[in-house]
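One structure is given here, and the rest of the page talks about it.
We did not get these values from a lab; they are worked out from the coordinates using the rules stated. None of these values were measured; they are calculated from a predicted model. Methodologically, a virtual Cβ is constructed for each residue, glycine included, from the backbone with ideal geometry; neighbour enumeration extends over all protein chains shown.
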Amino acid sequence: MKNIDNIKISKAIPDDAEGIQILTAESSKGMYALCGWSPEEISNHFPIEKIKEGAERLRKLIPTFTEDDIMFVAKDEENKIIGCCLAEKQKNINKIEAVYISPEFQGFGLGKKLYDTAYGLLNHNNHTFLDVFSLNSKAINFYKKLGFLETGKKTFDKRFKDSKGNILEISEMMLVGQK
Ligand SMILES: CC(C)(COP(=O)(O)OP(=O)(O)OC[C@H]1O[C@@H](n2cnc3c(N)ncnc32)[C@H](O)[C@@H]1OP(=O)(O)O)[C@@H](O)C(=O)NCCC(=O)NCCS
């Protein structure tokens with residue numbers, strides 16, 4: 001049982017970019033395993049060059065965030081990034097873009113803590129939407145615990161395929177707004 005009381009949660013800054021990319025690569029391995037990828041396919045998908053390129057893009061993106069782009073990171077005692085949550089306040093809806101927790105910190109309440117911090121800055125009168133791979137049962141159960149329901153809307157994005165080349169189905173989930 002890990003104690004997450006000393007984990008610091010803060011708004012993402014440009015210097016966090018590389019740590020966020022490393023975290024998302026590590027954290028999404030379990031997600032791709034649920035989607036049928038083999039360990040080899042998973043490690044080929046995250047070469048270090050790709051992580052570095054992603055980090056450079058993110059480093060430039062973070063300073064362009066407005067108050068409607070909400071990105072929080074969680075850091076351990078050595079300042080290593082072990083969680084992140086990205087959300088967006090749009091005109092009539094909120095969007096949760098992603099919640100990623102480092103594998104060794106999953107299941108201790110950190111995902112909920114980060115989500116609650118981001119959700120606190122969203123417009124609670126509006127509905128909140130997110131997209132998740134239909135095969136990612138772990139995340140679907142997590143979001144259900146937070147009050148989200150599956151809307152039944154399914155989409156496909158040809159960038160995301162399973163190990164056999166089939167395009168992965170994406171499920172939309174929604175948290176009802178207070179108004
Ligand atoms: C999904 C994820 C973000 C959840 O974060 P986490 O820190 O492990 O979840 P928490 O410990 O905060 O759990 C919060 C609540 O959800 C519940 N929950 C979490 N995972 C669950 C699961 N697999 N099944 C059922 N309930 C679950 C917990 O029991 C807890 O409920 P409680 O408050 O009543 O105790 C994390 O597992 C992760 O990073 N997964 C890989 C990346 C990913 O798939 N992200 C989502 C795609 S955008």
By the mean-Cβ-within-10 Å protection proxy, highest first, 19-29, 61-71 rank as 19-29, 61-71
Once both label points are put 7 Å beyond Cα along the C-beta direction, the Glu40-Lys91 separation in nm becomes 5.0
Taking a ≥ b ≥ c as the square roots of the eigenvalues of the Cα gyration tensor, with a/c under 1.5 meaning rounded and otherwise prolate when a/b exceeds b/c and oblate if not, the chain is rounded
Expressed as a whole-number percentage, the relative contact order of region 8-126 with C-alpha contacts under 8 angstrom and at least six residues apart is 29
For Lys8, counting only aspartates and glutamates whose alpha-carbon sits under 18 Å away and dropping same-chain residues fewer than eight positions off, the answer is Asp16, Glu18, Asp76, Glu77, Glu78, Glu104, Asp116
Taking Cα pairs closer than 8 Å and at least 6 residues apart, the relative contact order of region 62-139 in percent is 27
Each label sits 7 Å from Cα toward the beta-carbon; between Lys145 and Asn79 the label points are separated, in nm, by 3.1
Links exceeding 26 Å between C-alpha atoms in this model, out of Lys89/Lys112; Lys2/Lys153; Lys50/Lys80, come to Lys2/Lys153
Taking alpha-carbon centroids only, region 1-76 lies from region 153-179 a number of Å equal to 20
Expected vector for region 84-100, Karplus 3J(HN,Hα) from phi with 6.51, -1.76, 1.60 and θ = phi - 60°, integer Hz, x for Gly and Pro, equals 8, 9, 10, 9, 9, 8, 9, 4, 10, 9, 10, 10, 9, 7, 5, 10, 10
Taking placed amide H atoms and a strict 5 Å upper bound, the residues 5 or more places from Lys161 or on another chain that come that close are Leu168
Expected unfolding gain across Lys60-Ser10 under the 0.36 nm per residue rule, minus the alpha-carbon gap, is 16.2 nm
From DSSP H assignment alone, runs of 4+ in the chain each adding -39500 (n - 2.57), the sum over residues rounded to the nearest 500 puts [θ] at 222 nm at -10000 deg cm²/dmol
Everything considered on the Cα gyration tensor (a ≥ b ≥ c; rounded for a/c under 1.5, else prolate if a/b is larger than b/c, else oblate), region 1-62 must be described as oblate
Once the in-chain neighbours fewer than 8 apart are removed, the aspartates and glutamates whose Cα is under 20 Å from Lys161 read Glu26, Glu40, Glu41, Glu97, Asp131, Glu169, Glu172
Projecting the Cα atoms of Asn6, Ile140, Leu114 onto the charge dipole of the chain, where Lys and Arg contribute +1 and Asp and Glu -1 at Cβ, the residue farthest towards the positive end is Ile140
